[in-house]
Amino acid sequence: CDGVSLFDGVYTSEEKKGLKDVEAETFAELESQRCRRCELCRAADCGHCESCSWNSESTSNSKRCCLFKICLKLGNGRARAIPGFPDGWRYYFDGQSSATSRKALHPALASLVVCSPRVKDINDNGRRFFSIEAAGKSLHLLDEVISFAEKELYTEMLGLRIRKKIQHPLVGHGWCRQWMVLGKPKVIYGVVTEAAEGRFLDDDQFENSFVFTVSFSEENRSLVPPFMGRSLLPATTEIGERVCQGGAMLYEEKCCINSLSWWFAKTKGTICPLRWVCPDHIEFAQLQPDRHVPRPGQTVLCRGYKIQLETRKSSIPGAGFGAWIMCSDPTPQKRTEFRLEAGELLDVGTYAPLQPADYKDEVVVLVKNFIFGWECETWSFGATSDTSSSRKGAASFNKVYDITSDSGKGKLHEFAKRNLLVYVNETDGKSTPHICAQTDPEGSIHYLLGHKYPADGALVFPVNKWYEVLIDYGSPYEDVRVRKGYSRLSGRMLKDREKKISENDLETLRDITNFSVDDVHTAICFIAKVEFDRSNFAEAIRTLIVSLCFYKRLMAVEQEFILFEPSGPNSFCDNGYTTIFANTLHLVKGQCGRLLDLECISADDLKKAIVESHASLFYVCQLVGSKGDREVREMPAGDLREAIIKAVGWDSTNQAWREQTCRVLPSR
């Protein structure tokens, strides 16, 4: 579904040569070239496009031009390429005065104009379109290509949420969600306030493209006690149709009403509601260890059944331990099977977080993964963010659940080892999983027993027999599969993924060049708490490399502010520099010195680690002012170490300064 190859030969070579390179200017240059008098220049920034997100988070003193207000006086320079379309197709925004009569998917797109490569000057007459869809259909592009272009432009670049309100019987109806935390039930009540038809939705919970908004009152939110000292219950949340119907049905059961029975009967067979089933009781236990390895277990009581879950040797070769289940019926009925209908999901416990420290900034987990050779990646998952917007244009860092030890080479911490759910293995990608992962209203990740999709049918376990339960983490987990040698990819796709993974170290160090001062401060405070000795000297060296990159990043930030001219055309963006930069720089220097002073890191070990890693060699060459990697390779190990110390400005003879800089500063 490339789309570009379909149009080879449509335009002559002379026409292609005549096309101007409209992508030459960066958005920062476009900002400096604005006239500041036209309609678009005087408009307010949108606040959600790539440029606006970058402006709000970057530590650079320059500002990027909002994608919706590129100056009208720039001519062809304000037209940008359309992702996924053939070369030469461009889009730009006119003033709002010329868009009053246009119908668009979103009010912000009313002034959108799409032009073909034959329109060499956007100020001249020529065929134009007012939506990506119209332009794509004129070219007879595949629907997949048009959808990709719309999603990339509208949602990824422009940051728009495309919604069309609709009438629905569930609007105004009550909604309920119940979940388990440490064996105790929690419940919250809300009301469905809005229904809409969404576009370009990634989450698989929006199967029918319907998005429902559920609102929770302050009184209802206050009835839910905070988990681990914090409450992440939002005032509103967006859910899919199946989740909304399941919550509405639970609300009617809890409140003993029957107001929507006609609609539930009407949609039976066409909509399979997702219902989060809470057990009557959960009891946790620690079984007899196997070779000093903890063997957690738990007993779940639900619908009169006794469901035992234990950690046993997996039926998958080389997988170690797995999670096994056996159901029994202690009631006089003596039923022969335990059954969960499609869409019924039994809560068997919380996967993460297990302690407050599991909730980390993504910058910390990124640095931690680099230090421990990407071992933590197996046990790290996205979490509900405290921030209201993602960071586009700079590194996008929010919150992550990480259940590994901060000083145990990326292995599980003790609380996680005693949690049975971490031993659930993956399917081969072909068989239907018994477990799926879902987040509760507080943002915690739960494992639920059952089949999520109607096509999978009911989940049935005959009683008094042990079965291993499996999960499928999907495509986001593919990097871990490739590292561990059981990838679901093959051929060229596998080779491309392996090549991408081999460049992870370099990409991480490049990401550091987009860290804000706050990001560096957060990450270096984590590094300051990690202890090293001879058993983990390799991790100590990788930590030193990261710390050196932090130092280089702070020097770049400092240089930007030195060269900044308040009278220039660029806008000033402080973002915490003046309040925290000096303390952060002091701490980074101290950690570099602490690691350089470690007895477990010899000069030979340090040079060997730098030379063997292309990523480390590249950044060390820049730090020490080398003319090339050959000069560093030929440099004696002792001289290289001294060059690094000199570049950082570490005074190893000043004991008082060393103790002061190695002190962990509190986070802002």
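The values are calculated or read from the model by the stated rules, or taken from the named source; none is laboratory data. Note that the coordinates shown come from a computational prediction; the quantities given were computed from them, not determined experimentally. Cβ: placed from backbone, ideal geometry, glycine included. Neighbour counts: every protein chain shown. For accessibility, only protein heavy atoms count, side chains too; no ligands or nucleic acids. Shrake-Rupley method; radii C 1.70, N 1.55, O 1.52, S 1.80 Å.
Residues checked against (1) among the hydroxyl-bearing types (Ser, Thr, Tyr); (2) more than 30 Å from SER613 (Cβ to Cβ):
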residue	(1), (2)
LEU448	no, yes
LEU459	no, yes
VAL469	no, yes
VAL482	no, no
GLU498	no, no
SER502	yes, no
LEU509	no, no
HIS521	no, no
PHE526	no, no
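Please go through the range 509-534 and pick out each residue that is of a type in the set (Val, Ile, Thr) and either in contact with a strand residue (DSSP E or B) (Cβ under 8 Å, 6 or more places away or on another chain) or at pLDDT below 85 (or both). Selection gives ILE512, THR513, VAL517, THR522, VAL530. Among the conditions (1) modelled with pLDDT under 90; (2) open to solvent by 30 Å² or more (accessible area, probe 1.4 Å); (3) more than 23 Å from GLY474 (Cβ to Cβ), GLU375 misses just one, which is (3). Among the residues of the range 74-121, just one is modelled with pLDDT under 70 and open to solvent by less than 10 Å² (accessible area, probe 1.4 Å), namely ALA99. Candidates in the range 423-470 are the residues that are open to solvent by 50 Å² or more (accessible area, probe 1.4 Å) and basic (Lys, Arg); of these, the one that is nearest to ILE282 (Cα to Cα) is LYS465. In this structure, CYS49 qualifies as at pLDDT 70 or above, out of contact with any Ser or Thr (no Cβ under 7 Å at 6 or more places or on another chain) and among the hydrophobic types (A, V, I, L, M, F, W, C). Scanning for something at negative phi, open to solvent by 40 Å² or more (accessible area, probe 1.4 Å) and at pLDDT 85 or above, does the range 256-274 turn up at least one residue? Within the range 256-274 (the criterion being at negative phi, open to solvent by 40 Å² or more (accessible area, probe 1.4 Å) and at pLDDT 85 or above), the answer is no, since none of the residues qualifies. Checking each residue in the range 185-227 for being open to solvent by less than 60 Å² (accessible area, probe 1.4 Å), at pLDDT 75 or above and of a type in the set (Ser, Thr, Tyr) picks out THR213, SER215, SER217.
Selection of the range 150-182 for residues being of a type in the set (D, E, K, R) and open to solvent by 60 Å² or more (accessible area, probe 1.4 Å) yields GLU156, ARG161, ARG163, LYS164, LYS165.
Here the condition is being more than 24 Å from GLN308 (Cβ to Cβ), in contact with a helix residue (DSSP H, G or I) (Cβ under 6 Å, 6 or more places away or on another chain), of a type in the set (Val, Ile, Thr) and modelled with pLDDT of 90 or more; of THR404, THR432, it holds for THR404 alone.
Residue count for the range 122-145, restricted to those that are touching a residue at least 24 places away in the same chain (Cβ under 8 Å), open to solvent by less than 60 Å² (accessible area, probe 1.4 Å) and farther than 30 Å from THR193 by Cβ: 7.
Only one of the numbered conditions (1) out of contact with any helix residue (DSSP H, G or I) (no Cβ under 8 Å at 6 or more places or on another chain); (2) open to solvent by less than 30 Å² (accessible area, probe 1.4 Å); (3) farther than 30 Å from CYS327 by Cα; (4) not β-branched (Val, Ile, Thr) is not met by GLU478, and that is (1).
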